[in-house]
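Undergrad: I have a structure I would like to understand better, so I am pasting it below and will then ask my questions one at a time.
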Amino acid sequence: MKKTIRDVELAGKKVFVRVDFNVPLNNGVIRDTRRVDSSLATINYLREKGAKIILASHLGKPKGADPELSLAPVAKLLSERLESPVIFHSTPEVVDDEVRRLVDGMKEGEVILLENTRYDVGETKNDRELAEKFASLADIFVNDAFGTAHRAHASNVGVAEILPVKVSGFLIEKELKYFYEALDSPQRPFLAILGGAKVSDKIKVIENLLDKVDEIVVGGAMAYTFMKALGHSVGTSLVEDDMVDYAKKILEMAEEKNIAFHLPVDFAVAKEFADLPPVYTEGRDISSDSMGLDIGPKSIENFKEVIARARTIVWNGPVGVFEMSNYAKGTGAIARALADNPGITIIGGGDSAAAITEMGLDDAMSHISTGGGASLELLEGKELPGIGILEER
Ligand code: AMP
């Protein structure tokens, strides 16, 4: 268990908080405020405890200072949400003499937001000099940005290597609670649902989960590599030919370990990659002129049964091309089946989270991860650099 902000003395302390304010922006307008809203619990707790709060985040992928990717609109939104002014000073250096002066003048409970950490190209290189600039501002490091926890950057790892106290905020605490509990002591049956485009992206996840779960469901384009491994015709579907042998090995390993490995039994197919009404296959074979773009109705029924009996479920990746409405049925059915499940339901970020949100099912899930890449690496069994650096309780 990692220490959290509940475990440390905060009154009067300068606290450097790495938050995830990487919000979608459109001409300076924030299109989705959730990342800011979900940081408020941590920030308000720190304010109540009398800390001086220094917030840092990246926004987009600038290669140096870029006024279009300034955090100024976020500072404005945050001060509205906190009903209190947020200090903000835009500088290409991120930390300059003016920032130091402003931080020195802060009173307990006050908040400053630093400019986009990626204005300094040293951020993504975990540059020591930049990390020292961050560390010189504060007494305590708090990581609450799960989405970047799988990267070692100056604002989430470099600064933590220097500061003596390093703990998590409430958002990271929640991410770890759900993922570690599921992986270490799940209520069973424990089911993993994997979809998306490529087997190769999820090899390590599958290997790690084979030692943890009771059942696995595989959908999406990934399934066609398994279909080919089983000797079925896959038509023009997306297949990774160099992964076919590996897919065979996975199926053998699952059998050895007594894990029920569920693949689709029918597909929604089309002659071209376009949002046209689908044709359904009878079984697993796809004719040579067609490509599979979603799971079919029999597969949906099978997967619903598997989902209904599970007590812990982790889902990562859509089971079809859900961006096209004609091929979103499978992914939609999985989302609804999860919503109906009374057990623990954990959604890895990215596309599955987007599908859940689009369907208005957020509140029906136990946990929707805020980090697609980071949650995949947790499922691979890796320790994330931005988590590993935090103190153990
Ligand atoms: P990933 O980033 O690996 O999770 O993959 C997500 C992408 O996989 C989405 O953009 C889906 O459209 C795509 N996908 C899912 N099923 C299929 C399929 N049957 N054929 C092609 N792409 C698919």
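The values are calculated or read from the model by the stated rules, or taken from the named source; none is laboratory data. Since we're looking at a predicted model, the values are computed, not measured. As a convention, Cβ positions derive from the backbone with ideal geometry for all residues, glycine included, and neighbour counts pool all protein chains shown. SASA here: full protein model, heavy atoms, side chains in, ligands and nucleic acids out. Shrake-Rupley method; radii C 1.70, N 1.55, O 1.52, S 1.80 Å.
Undergrad: Using only Cα atoms, figure out Rg for the chain and give it as a multiple of 2.2 N^0.38 Å. Don't skip to the end; give the middle numbers.
TA: Details: Rg = 23.0 Å, N = 393, 2.2 N^0.38 = 21.3 Å.
Working it through for the chain, the quotient is 1.08.
Undergrad: List, in the order given, every pair from K3/K304; K13/K174; K257/K329; K174/K257 whose Cα-Cα distance in the structure shown is over 27 Å.
TA: Result: K3/K304; K257/K329; K174/K257 exceed 27 Å.
Undergrad: Within the stretch 285-320, what residues put their amide N at less than 11 Å from the label point 7 Å along the Cα-to-Cβ vector of S233?
TA: Only 285-290 fall inside the zone, counting backbone N under 11 Å.
Undergrad: Let me ask something else about it. Would you calculate the separation in nanometres between label points at K198 and S136, each defined as 7 Å from the Cα along the Cα-to-beta-carbon direction?
TA: 4.2 nm
Undergrad: I'd like to compare 36-46, 160-170: which one has the highest average count of other Cβ atoms within 10 Å, and what's the full order after that? Please report the intermediate quantities before stating the final value.
TA: Working: 36-46: 18.7, 160-170: 20.4.
So the order, starting with the most tightly packed, is 160-170, 36-46.
Undergrad: Counting Lys and Arg as +1 and Asp and Glu as -1, what is the net charge of the other residues whose Cβ lies under 11 Å from the Cβ of A353? Don't jump to the answer; show the numbers that get you there.
TA: Numbers: positive: R34; negative: D351, E358, D362.
Within the 11 Å Cβ shell, the charges total -2.
Undergrad: Place the peptides 298-310, 251-263 in order of packing, highest mean first, counting for every residue the other Cβ atoms within 10 Å and averaging per peptide.
TA: The most tightly packed comes first, giving 298-310, 251-263.
Undergrad: Can you list residues whose amide H is under 5 Å from T91's amide H, if they're 5+ apart or on another chain and H is modeled 1.01 Å from N?
TA: Distant-sequence amide H within range of T91: E115.
Undergrad: Under a crude label model (7 Å from the Cα following the beta-carbon direction), how far is E380 from N44 in nanometres?
TA: Here the modelled spin labels are 3.7 nm apart.
Undergrad: How about K63: which lysines have a C-alpha closer than 21 Å to its C-alpha, ignoring those fewer than 8 places off in the same chain?
TA: Partners found: K125, K133.
Undergrad: Can you tell me how the stretch 247-393 classifies by the Cα gyration tensor, rounded, prolate or oblate, using a/c under 1.5 as the rounded cut? All intermediate terms of the calculation are to be shown ahead of the outcome.
TA: On the way: a/c = 1.81, a/b = 1.53, b/c = 1.18.
In terms of gyration-tensor shape, prolate.
Undergrad: As a test question: what accessible area, to the nearest 10 Å², does V244 have when a 1.4 Å probe is rolled over all protein chains in place?
TA: Per-residue accessible area (V244): approximately 20 Å².
Undergrad: In whole percent, and with a 1.4 Å probe on the protein chains, what portion of the accessible area of the chain is carbon and sulfur?
TA: Result for the chain: 49 percent of the exposed heavy-atom area is carbon or sulfur.
Undergrad: Here is a follow-up. Leaving ligands and nucleic acids out of the surface, order M324, M222 by accessible area at 1.4 Å, largest first.
TA: Sorted by accessible area, descending: M324, M222.
Undergrad: Kindly identify the stretch 134-177 as rounded, prolate or oblate by the Cα gyration tensor criterion: order the square roots of the eigenvalues as a ≥ b ≥ c, call it rounded if a/c is under 1.5, otherwise compare a/b with b/c, prolate if a/b is larger, else oblate.
TA: It is oblate, given that a/c is not under 1.5 and a/b is not larger than b/c.
Undergrad: Further question on the same structure: Would you check the accessible area of K382, probe 1.4 Å, heavy atoms only, in square angstrom rounded to 10?
TA: Counting only protein heavy atoms, the figure is 80 Å².
Undergrad: Given R₀ = 25 Å, what would the calculated FRET efficiency be for R34 paired with K177, taking r from the Cβ atoms and rounding to 0.05?
TA: That gives a FRET efficiency of 0.80.
Undergrad: Taking all pairs of distinct Cα atoms, average 1/r, flip it, and tell me the Kirkwood hydrodynamic radius of the stretch 5-173 in Å to one decimal place.
TA: Radius from the Kirkwood sum: 15.5 Å.
Undergrad: Work from the charge dipole of the stretch 188-281 (Cβ charges, +1 for Lys and Arg, -1 for Asp and Glu, about the Cα centre) and give the residue of L191, A274, T236 farthest towards its positive end.
TA: Result: L191.
Undergrad: How big is the gap, in Å, between the Cα center of the stretch 64-113 and the Cα center of the stretch 307-321?
TA: The two parts, judged by their Cα centres, are 41 Å apart.
Undergrad: I'd like the accessible area for S90: 1.4 Å probe, protein heavy atoms, all chains in place, Å² to the nearest 10.
TA: Using a 1.4 Å probe on the heavy atoms, I get roughly 60 Å².
Undergrad: With a cap of 16 neighbouring Cβ atoms within 10 Å, and only residues DSSP puts in a loop, list the GluC sites (Glu not before Pro) found in the stretch 3-110. Before the final figure, lay out the partial values.
TA: Numbers: sites: E9, E48, E68, E80, E83, E93, E98, E108, E110; in loops: E9, E83, E93, E108, E110.
Loop-located and lightly packed - E9, E83, E93, E108.
Undergrad: Taking a probe of 1.4 Å, how large is the accessible area per residue of the chain, in Å²?
TA: So the chain comes to 42 Å² accessible per residue, rounded to a whole number.
Undergrad: Further, regarding this structure: Go through T281, T124 and list them by solvent-accessible area, largest first, probe radius 1.4 Å.
TA: T124, T281
Undergrad: So, one more: List the residues, sorted by chain then number, that are 5 or more residues from L293 or on another chain and whose placed amide H is less than 5 Å from its amide H.
TA: A268, V269, A270
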